[in-house]
Amino acid sequence: MCGIVAYVGQKEAYPIILKGLKRLEYRGYDSAGVALLDEKGLNVYKKQGKVAELEEHLIGKALPAHIGIGHTRWATHGEPSDRNAHPHMSKSGKLAMIHNGIIENYAQLKQDLIKKGYVFKSDTDTEVLLNFIEDIWINNNCELEEAVRIALKRVVGAYVIVLLDADQPDTLIAARKGSPLVIGIGKGEHFLASDASPIIEYTKEVVYVNDYELAILKPDELILKNLGNEKITPFVQKLDMELAAIEKGGFDHFMIKEIFEQSETIYDCLRGRLDAEKGTIKMSGVENNMERFIHAQRIIMVACGTSWHAGLVAEYIFEELCRIPVEVEYASEFRYRNPVIHKGDIIMAISQSGETADTLVAIEKAKEQGAIIFGILNVVGSSIARASHAGAYTHAGPEIGVASTKAFTAQLTVLTMVALRIAIEKKTITHDRYMHLLNELHEVPAKVEATLKLSESIKAVAAKYADAKDMLYLGRGYNFPVALEGALKLKEISYIHAEGYPAAEMKHGPIALVDETLPVVFVATKDSYHEKIVSNMQEIKARKGKVIAVITEGDEVITGLADDVIAIPEADELIAPIISVIPMQLLAYYIGVLKGYDVDKPRNLAKSVTVE
Ligand code: M6R
């Protein structure tokens, strides 16, 4: 939520910051701004709307600064507007600040500052924090970094802040708690950003800042301290990411690029781990914790959104293969109730970004109660990765489209491998079934490739139903969470109201919605529920609903029944969701595009939800 970029060095800061903001726009895009400090002073430029509007606004302006900060916003406190956009200026006009996060006790701080004569120009918690820092700075007559430290000890909430002081033209001060912050180390220059994408073309040397750390950056110097003013040795890491991975590569949108990458990302996820011929799965995170898994009384999957849907599929898989009871929890609910957690319970935190605030806090809470945290994560070095005891990365590469696609199929692939690795060790699966499923997994990239070839026919189906007001998505068993995911994708991208339901549950209420105007998407590949779902389809047809069915190639029964069919390669029912979700993604994508929406940046959403 909100993207931040900052630069100090020898180059012109504005082009670097602008490019960085465009890369971080997936994190929020309702307004954008920069603060630049040059010989003539500190200037702030900000605009409601996307980064392109800020760029437009600044065309032709001389912006020679070599130090600056930039922000792309996802509104929390205060509507999207020019005045609520970041950076904010302090009362004295000497400080500019950007912020990603939420200051929960801002109302009290604001009251205290108003009593002291402060007047606020925006509705944001950020302006309050900035003036709180300035107030401490002036009253204590101390260094700015000292004022930041004092202020942050009194602040409740989450933040990454970056400050620019008009009197320190070579220094940036940044701090983090609960939101991500990466420092890029160049030659005579430093970069700061919410993730590595704005940094990658300048340097591969990075430092991930931890919670309660403060960074003081000059062109040739990086000082890291804790809030107790003790110096910390920066842990410099090499970025394992290429520039091409964060560019569109000839596709119209990141979403479609990422959908089409899936045969490759799933292959990358399997590579080096699965050997179908030898019958082995190598996953050190699982092997190092095998005793814990074998004796686990329970696994709790904690996640949000699409990652939560991956957890639901995993519930079916783990219970079937490993005979371990599984619960799947919305992180946002789990963190606020008083869940019963036993020592030795395994919490699987599933997250693409590894920064989702609800998931992060939920696992910290579970950790305090003795649970083991196993992360299923895409972003290496992310906050959840660092808070986990062990885990397995999904290796899907950067996912930039706000609607999650390739991360989901990679999560399913990793979760299936984890379950199989435990099941063979625990002897809850027969050798034949194990070998069969390994082969099935091995064949997934090719089957995904074949499914992607259906994109033109799926586009035609999309054109037929793009004007629908509502849609229903139904599935059973392993395909039930796929129906939920299909409905979520459609809602996000096309703003069509959609509901996902277990197909059999439909008769307990949603069937009342069915008439000749309601398209119903069935995820109905060949599995042990096949005959049952055909009956559910009959029930919809009998009420004149329109049926779009994702089926297994060669399924004559459903072909004769449905209005439109999308036939995908046959796969074991346990593996099928990795393939059957792809038509869901394509359908939502094409409907969104046909309706003229910005599918990579759907309204009101952000890629990383780092606020609760
Ligand atoms: O980064 P995470 O996997 O933790 O994100 C969880 C959700 O915010 C995310 O899946 C969201 O629902 C997507 N927009 C779905 O497409």
* To do: Go through 303-316, 325-338, 493-506 and give me the packing order, highest mean Cβ count within 10 Å leading.
  => 303-316, 493-506, 325-338
* **Residues whose placed amide H lies under 5 Å from that of residue 552, excluding near-sequence neighbours** => 526, 568
* **Convex hull volume of the stretch 454-601 per residue (C-alpha atoms, cubic angstrom)** => 93
* Asked: How long is the gain from residue 294 to residue 237 if the chain were fully straight, where each residue apart is worth 0.36 nm and the alpha carbon distance is subtracted?
  -> 17.1 nm
* Asked: Sorted by mean Cβ packing within 10 Å, highest first, what order do the peptides 479-488, 510-519 take?
  -> 479-488, 510-519
* Note down the nm distance, to one decimal, between modelled labels 7 Å out along Cα→Cβ at residue 504 and at residue 205. => 6.1
* Hz values of 3J(HN,Hα) by residue in the stretch 499-510 - Karplus curve (6.51, -1.76, 1.60), Gly and Pro given as x -> 10, x, 9, x, 3, 6, 6, 3, 6, 8, x, x
* Structure fact -> Restricting to Cα pairs under 8 Å and 6 or more apart, the percent relative contact order of the chain works out to 12
* Structure fact -> Interchain or sequence-distant (5+) residues whose placed amide H lies within less than 5 Å of the amide H of residue 301 are 327, 328, 329, 348
* To do: Please report, in Å, the Rg and the Dmax of the stretch 327-474, where both are computed over Cα atoms only.
  => 18.6, 53
* Working from Cα positions, state the angle (0 to 90°, nearest 10) between the long axis of helix 13-23 and the longest principal axis of the chain. => 20
* To do: May I ask you to list the aspartates and glutamates whose Cα is less than 18 Å away from that of residue 187, ignoring any residue fewer than eight positions away on the same chain?
  => 12, 170, 201, 205, 220, 221
* **Listed peptides 423-434, 87-98 by packing density, highest first (mean Cβ within 10 Å)** => 87-98, 423-434
* To do: When you have a sec, figure out the Kirkwood radius of the chain from all distinct Cα pair distances and drop it here in Å to one decimal?
  => 25.4
* Would you calculate, for the chain, the mean residue ellipticity at 222 nm contributed by helices, counting each DSSP H stretch of 4 or more residues as -39,500 (n - 2.57) and dividing by all residues, to the nearest 500? => -11500 deg cm²/dmol
* Asked: From the square roots a ≥ b ≥ c of the eigenvalues of the alpha-carbon gyration tensor of the stretch 84-165, which class results: rounded (a/c under 1.5), prolate (a/b over b/c), or oblate?
  -> rounded
* In nm, to one decimal, how far is the modelled label at residue 333 from the one at residue 275, with both set 7 Å along Cα→Cβ? -> 4.3
* To do: Per residue of the stretch 37-44, in order, report the coupling 6.51 cos²θ - 1.76 cosθ + 1.60 (Karplus, θ = phi - 60°) as ³J(HN,Hα) in whole Hz, putting x for Gly and Pro.
  => 10, 10, 4, 7, x, 9, 10, 10
* To do: Using only Cα atoms, find the angle between the long axis of helix 576-594 and the longest principal axis of the chain, and express it within 0 to 90 degrees, rounded to the nearest 10.
  => 60
* Formal net charge of residues neighbouring residue 534 (Cβ-Cβ distance under 13 Å; K, R +1; D, E -1) -> -1
* To do: Name the aspartates and glutamates eligible as straight-distance cross-link partners of residue 595: C-alpha to C-alpha under 12 Å, and not fewer than 8 places from it in the same chain.
  => 467
* Asked: For the stretch 200-214, what does the Karplus curve 6.51 cos²θ - 1.76 cosθ + 1.60, with θ = phi - 60°, yield as ³J(HN,Hα) per residue in whole Hz, taken in order and with x for Gly and Pro?
  -> 3, 7, 9, 7, 10, 8, 9, 10, 8, 7, 8, 4, 6, 10, 10
* Asked: Once amide H atoms are built 1.01 Å from N in the peptide plane, which residues 5 or more positions from residue 49, or in another chain, come under 5 Å H to H?
  -> 31, 32
* To do: Pairs to check: 47/491; 204/406; 153/257. Give those whose C-alpha atoms are more than 32 Å from each other in this structure.
  => 153/257
* Do the alpha carbons of any pairs in 447/544; 11/46; 46/489; 238/282 sit beyond 28 Å of each other, and which pairs? -> 447/544; 46/489
* Would you mind calculating the gained length between residue 427 and residue 342 on full extension (0.36 nm times residue separation, minus the Cα-Cα distance), in nm to one decimal? => 28.2 nm
* Asked: Distance from the Cα centre of the stretch 147-184 to that of the stretch 266-295, in angstrom?
  -> 41
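Readers should treat all values here as calculations from the given coordinates under stated rules, not as data from a laboratory. Just so it is clear, the structure is predicted and the values come from calculations on it, not from any experiment. Cβ sites come from the backbone with ideal geometry, for glycine too, and all protein chains shown count toward neighbours.
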